[in-house]
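The values are calculated or read from the model by the stated rules, or taken from the named source; none is laboratory data. Since the structure is predicted, the reported quantities are computational estimates derived from the model, not experimental observations. When we count neighbours, we look across all protein chains shown, and the Cβ atoms used for this are built from the backbone with ideal geometry, even at glycine.
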Amino acid sequence: MKPPFEKVVEQNVSVVLRVCRVILDAHDAQDAWSETFLAALRAYPELPDDANAEAWLVTIARRKAIDVLRARKRQPAPVGEVPEVPTALGVPGAGDEDLWHAVAALPDKQRHAVAYHYVAGLPYTEIAGILGGTSDAARRAAADGVKNLRKSYLGAAKEGAPS
Amino acid sequence: MNISADHLASPDDTETLSRLRDRLGLAAEAAGLLDVAYTTIDSPVGPLLLAATPQGLVRVAYGVEDHDRVLDTLSQRISPRVLRAPRRLDAAARELDEYFGGRRRVFDLPLDLSLSAGFRQLVQRHLPDIGYGQTRTYGQVAELVGNPRAVRAVGTACATNPLPVVVPCHRVLRADGAVGGYIGGTDAKQALLRLEAAA
């Protein structure tokens, strides 16, 4: 039996935002979040009952986040668009901004692999389905991503920390 | 120190997520994708779940019915496109509040009776003919719908009323004067009858 869509939102509300946030800044990530759930709501009646809703949503979120990214690249100049409500994401102190910058600096494939595995909790076989390639390649990309994060983020933290 | 999901989870915050969910409800309504909108309200007979399709109010459910199960049923029988989106229920919530406050005797809301069919729906359509503060027996209602021998079927129609309170099955009693069963429990039925008798 297919649960009411509200339950799917309830269970995946943060995962989808995190996946969008790895690819986009805080404001754009919220737009991608909305686009993701609206598209998912539209397609939900056709989703097979035994499908993994989380993997399905992560796939949609990745597509929507890339759409938002492409749209931004086409209009690189800010147009003075002001968000309706000030964002609570990315406020200094509200999150670990340095980590987010380090994640944002990763090469694409590593960033996505890290996001899907460590943020969305997907197994490598499913990540391979999203990214293309083998699950070994997905595992390597995630491992390389974490290695790079250790260097750029933890390395920087160590330098900055009082001994 | 390990890189873990906890670190990457940090930018979540409850207020942002709840605002995004509200926005989703509005966007879904605007896109015509909100097949079932619902909310819950507090009332003197406990929390009530209110659900509406674009046609109208489709379900009022007591807490004893288990709201999660009620939502599962709506998902199966109407559409899985179910979202908590209170705006569509604003009028129903206001009229119920007025009713429980003794300031409203008749509900003026578009109803969607698609959860019941045939004789049950016929009975439910006629229940609002029983005025505020009045009561009828199951037998009298059977006569009212032109089928005087269908007393038991009237009982079933009342017991399966998807819109209790708004469609007043609580005004139908047993012939011996006993209150009879009720989807929200006998206490809730008596509370509604007391409310209407006092006003």
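Of all residues in the range A:10-65, those satisfying the criterion of being more than 10 Å from chain B (Cβ to nearest Cβ) and of a type in the set (K, R) are A:R62, A:R63, A:K64.
The single condition among (1) surrounded by fewer than 18 Cβ atoms within 10 Å (Cβ to Cβ); (2) in a helix (DSSP H, G or I); (3) more than 9 Å from chain A (Cβ to nearest Cβ) that B:G25 does not satisfy is (1). The one condition from (1) facing chain A (nearest Cβ under 7 Å); (2) in a helix (DSSP H, G or I); (3) not β-branched (V, I, T) that B:D68 does not meet is (1).
Residue check: B:L144 meets all listed conditions (1) modelled with pLDDT under 95; (2) of a type in the set (A, V, I, L, M, F, W, C); (3) closer than 30 Å to B:L20 by Cβ but one, namely (3).
Which one of these is under 13 Å from B:A61 (Cα atoms) and hydrophobic (A, V, I, L, M, F, W, C): B:V179, B:V167, B:V172? It would help to see each step written out before you state the result.
Numbers: B:V179 fails: under 13 Å from B:A61 (Cα atoms); B:V172 fails: under 13 Å from B:A61 (Cα atoms).
Among B:V179, B:V167, B:V172, only B:V167 is under 13 Å from B:A61 (Cα atoms) and hydrophobic (A, V, I, L, M, F, W, C).
Residues in the range A:109-137 that are surrounded by 18 or more Cβ atoms within 10 Å (Cβ to Cβ), more than 15 Å from A:V19 (Cβ to Cβ) and among the hydroxyl-bearing types (S, T, Y): A:Y124 only.
Taking the range B:143-174 as the region of interest, how many residues are closer than 16 Å to B:F100 by Cα and in contact with a strand residue (DSSP E or B) (Cβ under 8 Å, 6 or more places away or on another chain)? Count: 6.
Table: residues versus (1) among the β-branched types (V, I, T); (2) touching a residue at least 12 places away in the same chain (Cβ under 8 Å); (3) surrounded by 16 or more Cβ atoms within 10 Å (Cβ to Cβ).
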residue: B:A61; (1), (2), (3): no, yes, yes
residue: B:V70; (1), (2), (3): yes, yes, yes
residue: B:I78; (1), (2), (3): yes, yes, yes
residue: B:L89; (1), (2), (3): no, yes, yes
residue: B:R94; (1), (2), (3): no, no, no
residue: B:D97; (1), (2), (3): no, yes, no
residue: B:F100; (1), (2), (3): no, yes, yes
residue: B:S116; (1), (2), (3): no, yes, yes
residue: B:V123; (1), (2), (3): yes, yes, yes
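Kindly establish whether B:A37 is small (G, A, S) and away from chain A (no Cβ under 11 Å). Step through it out loud before you land on a result.
Working: small (G, A, S): yes; away from chain A (no Cβ under 11 Å): no.
It is false that B:A37 is small (G, A, S) and away from chain A (no Cβ under 11 Å).
Of everything in the range A:103-146 that is of a type in the set (S, T, N, Q) and assigned to a helix (DSSP H, G or I), the residue that is modelled with the highest pLDDT is A:S135. Residues of the range B:37-60 that are more than 8 Å from the chain's Cα centre (by Cα), within 25 Å of B:R23 (Cβ to Cβ) and among the aliphatic types (A, V, I, L, M): B:A37, B:I41, B:A52.
Residue-level check: of (1) modelled with pLDDT of 95 or more; (2) within 12 Å of another protein chain (Cβ to nearest Cβ), B:G63 misses just (2). When restricted to residues that are within 14 Å of B:R174 (Cα to Cα) and in a helix (DSSP H, G or I), the range B:119-154 contains 9.
Looking at (1) at positive phi; (2) under 16 Å from the mean Cα position of the chain (by Cα), find the lone condition where A:G132 falls short. Failing condition for A:G132: (2).
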